[in-house]
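Please read the structure below before turning to the comments.
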Amino acid sequence: MSKIVLITGASSGIGRAIAIKCAEQKYDLILTARRQERLIELKEYLTANFHVSVYILCFDIQQNDEVVSSFNSLPSQWRDIDILINNAGLALGLETIDNGTLWHWEQMIDTNLKGLLYITKLVSAEMVRRHCGAIVNIGSIAGKEVYQNGNVYCATKHAVDALTKAMRIDLLRHNIKVSQVAPGMVNTEFSLVRFEGDTQRADSIYNGLTPLMAEDVADAVMFVITRPPHVTINDIVIMPTCQANTTNVLREV
């Protein structure tokens with residue numbers, strides 16, 4: 001019987017790459033995001049190329065009522081989720097704390113932290129009932145260190161790091177694995193979202209270097225979720241070779 005994997009933020013970037021890697025392994029997929037047209041396109045691609053079953057849920061993970069109603073709409077055959085990938089997340093702005101934009105802060109907290117909690121509460125309860133499962137949180141190097149002007153984004157990812165450890169303790173007695181994959185610079189829509197569609201500013205982040213690609217992070221996630229039952233990978237920090245930490249990056253001149 002195929003495993004069922006639920007991936008949040010699956011419509012692009014790391015989430016999409018994880019979905020493709022999971023489909024290659026013949027896992028059935030529940031894909032969630034806000035952009036329905038992208039979810040439909042991805043579902044069609046996965047079913048046509050990998051012949052897996054795919055169920056899509058279109059909702060805003062910042063809104064608990066949407067998360068609950070969407071989850072409750074799952075048919076019974078999709079309720080036994082084996083693996084939850086908490087991938088949905090974003091950064092907005094790059095200002096000092098005194099110049100920060102309130103709605104940036106709220107959206108990062110609501111997505112990166114509260115949204116993760118909303119979906120985890122629902123899925124983990126089903127895992128507890130079955131006494132098995134695995135949860136992988138997509139963190140960040142920003143959850144291990146802080147960098148100038150990263151204040152609230154770093155705070156949310158530090159919270160994900162702490163939550164991962166706490167969840168592992170809480171769910172230990174229920175035989176549920178809890179892991180984190182924390183990447184450095186990844187060339188996805190991350191910077192485009194952070195700078196609100198300013199392509200020139202977003203592209204400049206990656207000038208003169210080779211960042212990680214979404215597929216690199218997806219490979220790390222696949223390593224985590226394909227370990228045998230007696231093995232849990234607690235934490236993976238994955239960086240591009242050109243990046244030592246949040247602030248030391250080697251660029252070609």
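Hey, can you tell me all the residues within the stretch 155-172 that are charged (D, E, K, R), over 27 Å from THR96 (Cα atoms) and crowded, with 18+ Cβ neighbours inside 10 Å? Listed by number, the list holds a single entry, ARG168. On inspection, PRO211 passes the criterion of being without any contact (Cβ under 8 Å) to a residue 40 or more places away in the chain and under 22 Å from ALA17 (Cβ atoms).
In the stretch 209-222, the residue that is surrounded by the most Cβ atoms within 10 Å (Cβ to Cβ) out of those that are touching a Cys at 6+ places or on another chain (Cβ under 9 Å) and assigned to a loop (DSSP other than H, G, I, E, B) is PRO211. Every listed requirement among (1) surrounded by fewer than 19 Cβ atoms within 10 Å (Cβ to Cβ); (2) in contact (Cβ under 8 Å) with a residue 24 or more places away in the chain is met by GLN63 save one, (2).
Among the residues of the stretch 135-155, those identified as in contact (Cβ under 8 Å) with a residue 60 or more places away in the chain and in a helix (DSSP H, G or I) are ILE141, ALA142, TYR153. Inspection of the stretch 213-232 identifies at least one residue that is of a type in the set (A, V, I, L, M) and more than 24 Å from ARG168 (Cα to Cα). Please specify each residue of the stretch 1-41 satisfying the condition of being assigned to a helix (DSSP H, G or I), in contact with a strand residue (DSSP E or B) (Cβ under 6 Å, 6 or more places away or on another chain), in contact (Cβ under 8 Å) with a residue 24 or more places away in the chain and farther than 15 Å from VAL136 by Cβ. Passing the criteria: only LEU39. Filtering the stretch 194-208 to residues that are surrounded by 16 or more Cβ atoms within 10 Å (Cβ to Cβ) and in contact (Cβ under 8 Å) with a residue 24 or more places away in the chain leaves ARG194, PHE195.
Each reported figure results from applying straightforward, stated rules to the coordinates on display, with no laboratory input. Because the structure is predicted, anything quoted here is derived from the model rather than measured. All Cβ positions, glycine included, derive from the backbone under ideal geometry; neighbour counts span all protein chains shown.
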